[in-house]
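As structure tokens, the structure follows; a few thoughts come after it.
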Amino acid sequence: MFKGFRAFLLRGNVVDLAVGIVIGAAFTAVVTGFVTAFLTPLIGVATGAVGDFSKETFTVADTTFPYGAFVNALVSFVLVAAVIYFAVVLPVARLQSRFEPIKDEPVAKTDCPECLSLIPAAATRCAYCTAELTGRTGLPAQAAAHAAAPAGH
């Protein structure tokens, strides 16, 4: 029983997930600190307020509603999401697009009349059964034209 549990814990994806969670938590603390130290006060400067809405309330029938805590959390969420998107997601997407291999155009395929294997449409000989395909019916014109071209061209 413990052998299986140990094997489960030491699998690569479980360890990778644990490392990702720890790094994510540390990154969240950094981004939250950045938002609290710089962006929230900038909102306060732009709106002419302090930027801290946590103490804002309204009262209805002797009941106090602390809506400021929700506004603070909402502003913090939007700012954290924006920082993560513009500082992490966009740069990583640009970096990944640089290193993506260029995808080749798919080659037109046809069936070999001898062995019925799927071969490139422009082939003049089957790669599987080595049958010569020039002048066969049902094959594309470019293969016949390629075979009819003079040897010097």
**Item:** Residue-wise HN-Hα coupling along the stretch 98-106, computed from phi with Karplus coefficients 6.51, -1.76, 1.60 (Hz; x: Gly, Pro)
**Value:** 5, 9, 6, x, 6, 7, 6, 5, x
**Message:** Normalised radius of gyration for the stretch 1-136, please: alpha carbon Rg relative to 2.2 N^0.38 Å, two decimal places.
**Reply:** 2.13
**Complete:** Residue separation between L10 and K55 times 0.36 nm, minus their alpha-carbon distance, gives in nm 11.5 nm
**Fill in**
Taking placed amide H atoms and a strict 5 Å upper bound, the residues 5 or more places from T110 or on another chain that come that close are I119, A121
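Quick note: the coordinates plus some simple rules give every number you see, no bench work behind them. Since the model is a prediction, treat every value here as computed from it, not as a measurement.
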